[in-house]
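Here's the structure we're looking at; comments come further down.
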Amino acid sequence: MSEKPVALVTGANKGIGYEIAAGLGGLGWAVGVGARDDVRREEAVAKLRAAGVDAFGVPLDVTDEGSVASAAELVERERGRLDSLVNNAGITGGMPQEPTLVDPDTVRTVVETNVIGVLRVTNAFLPLLRRSGSPRIVNVSSSVGSLTYQSSTSADTKVGPIAAAYSPSKTFLNAITLQYARELAGTGILINSCCPGHVATDLNGFRGHRTPEQGAAAAIRLATLADGGPTGKFFDDEGEVPW
Ligand SMILES: NC(=O)c1ccc[n+]([C@@H]2O[C@H](COP(=O)([O-])OP(=O)(O)OC[C@H]3O[C@@H](n4cnc5c(N)ncnc54)[C@H](OP(=O)(O)O)[C@@H]3O)[C@@H](O)[C@H]2O)c1
């Protein structure tokens, strides 16, 4: 079994997920790089290793039950433990997404990745997490999933464009985070949502104003929370985000 704590980051081959993996690796964690594309995954693992991170590749498509089950077996076999799971993989489904025009299949696809994918991965890794002394789960959400922000009149990047698939998928993810926190209360497992801010990545055509390193900070903090820390909350770098 690994002596050092082990994290798994989904969608870690690029963007914010890659930087979460790099940041946790820099703190001395072993990091599983969850990614569905073999070439992109191995490139990311090689880059992280070159930077001194104890990284290992975990083939993982969050929409595929068999892939997720194999990923859990791989982490158990190769490292024998999991201390933090960071559910970072996500898609927007493409814009525009006005509710009057959106293709229902787009909504279904986005929810399948951003919500059901998180549920599927979390449940597959819970047996391993339950054996950790300080298990943590981080769901990378977005401020655009905040109904408080969406129903306010101020227009800024925290609200995002009108979107019938992406924003509601993050609202749904936040709601699921809360339900997990309620069920897992008292087990020592801390589960929280976070918002990375508006980050320049493939997801938004690199239009964000923050760097992926900056975007990774909130997730890294929640993945390494001390015992007794918050659970069932939603954070960004400035503190708690209203649901
Ligand atoms: N960028 C922002 O401003 C921003 C703001 C708020 C929240 N977020 C959230 O931050 C997270 C990371 O986004 P990002 O900006 O870093 O975007 P990104 O650069 O597009 O990265 C998304 C990652 O998710 C992976 N992914 C997508 N579908 C997957 C699946 N079915 N199975 C496994 N991996 C899958 C992608 O893998 P492939 O390379 O194989 O596609 C990629 O590694 C997302 O949850 C996003 O919603 C981003």
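The values are calculated or read from the model by the stated rules, or taken from the named source; none is laboratory data. This one's a predicted model, so the numbers in the text were calculated from it and none came from an experiment. Positions of Cβ are generated from backbone atoms using ideal geometry, with glycine treated the same way; all protein chains shown enter the neighbour counts. Just the protein is used for accessible areas: all its heavy atoms, side chains included, with ligands, DNA and RNA removed. Shrake-Rupley method; radii C 1.70, N 1.55, O 1.52, S 1.80 Å.
Quick one: is Ile137 away from the ligand (no atom under 16 Å from the Cβ) and buried (at least 18 other Cβ atoms within 10 Å of the Cβ)?
Working: away from the ligand (no atom under 16 Å from the Cβ): no; buried (at least 18 other Cβ atoms within 10 Å of the Cβ): yes.
Against the criterion (away from the ligand (no atom under 16 Å from the Cβ) and buried (at least 18 other Cβ atoms within 10 Å of the Cβ)), Ile137 does not qualify.
Of all residues in region 35-89, those satisfying the criterion of being within 17 Å of the chain's Cα centre (by Cα), open to solvent by 40 Å² or more (accessible area, probe 1.4 Å) and of a type in the set (Asp, Glu) are Asp61, Asp64. Within region 100-118, the residues that satisfy the criterion of being within 12 Å of the ligand (Cβ to nearest atom) and touching a Gly at 6+ places or on another chain (Cβ under 7 Å) are Thr109, Val110, Thr113, Asn114. Counting the residues of region 1-28 that are open to solvent by 10 Å² or more (accessible area, probe 1.4 Å), more than 9 Å from the ligand (Cβ to nearest atom), within 17 Å of Glu213 (Cβ to Cβ) and in contact (Cβ under 8 Å) with a residue 60 or more places away in the chain gives 3. Would you be able to say whether some residue in region 188-197 is more than 15 Å from the chain's Cα centre (by Cα) and modelled with pLDDT of 95 or more? Yes, because at least one residue in region 188-197 is more than 15 Å from the chain's Cα centre (by Cα) and modelled with pLDDT of 95 or more. Among the residues making up region 162-184, those that are buried (at least 19 other Cβ atoms within 10 Å of the Cβ) and not in a helix (DSSP H, G or I) are Ala163, Ala164, Ala165.
Looking at Asp105 and the list (1) part of a helix (DSSP H, G or I); (2) of a type outside the set (Val, Ile, Thr); (3) open to solvent by less than 50 Å² (accessible area, probe 1.4 Å); (4) without any contact (Cβ under 8 Å) to a residue 24 or more places away in the chain, which single condition is not satisfied? Evaluating Asp105 over (1) part of a helix (DSSP H, G or I); (2) of a type outside the set (Val, Ile, Thr); (3) open to solvent by less than 50 Å² (accessible area, probe 1.4 Å); (4) without any contact (Cβ under 8 Å) to a residue 24 or more places away in the chain leaves (3) as the failure.
This table checks each residue for (1) in contact with a helix residue (DSSP H, G or I) (Cβ under 8 Å, 6 or more places away or on another chain); (2) assigned to a loop (DSSP other than H, G, I, E, B); (3) surrounded by 14 or more Cβ atoms within 10 Å (Cβ to Cβ).
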site: Ser154; (1), (2), (3): no, yes, no
site: Lys158; (1), (2), (3): yes, yes, yes
site: Gly186; (1), (2), (3): no, yes, no
site: Ile191; (1), (2), (3): yes, no, yes
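Answer with yes or no whether Leu225 is in contact (Cβ under 8 Å) with a residue 40 or more places away in the chain, in contact with a Leu (Cβ under 8 Å, 6 or more places away or on another chain) and away from the ligand (no atom under 12 Å from the Cβ). Please lay out each step first, then the result.
Working: in contact (Cβ under 8 Å) with a residue 40 or more places away in the chain: yes; in contact with a Leu (Cβ under 8 Å, 6 or more places away or on another chain): yes; away from the ligand (no atom under 12 Å from the Cβ): yes.
Answer is yes for this residue.
The set of residues in region 55-75 that are more than 9 Å from the ligand (Cβ to nearest atom), closer than 19 Å to Leu129 by Cβ and not aliphatic (A, V, I, L, M) comprises Phe56, Glu65, Ser70, Glu73.
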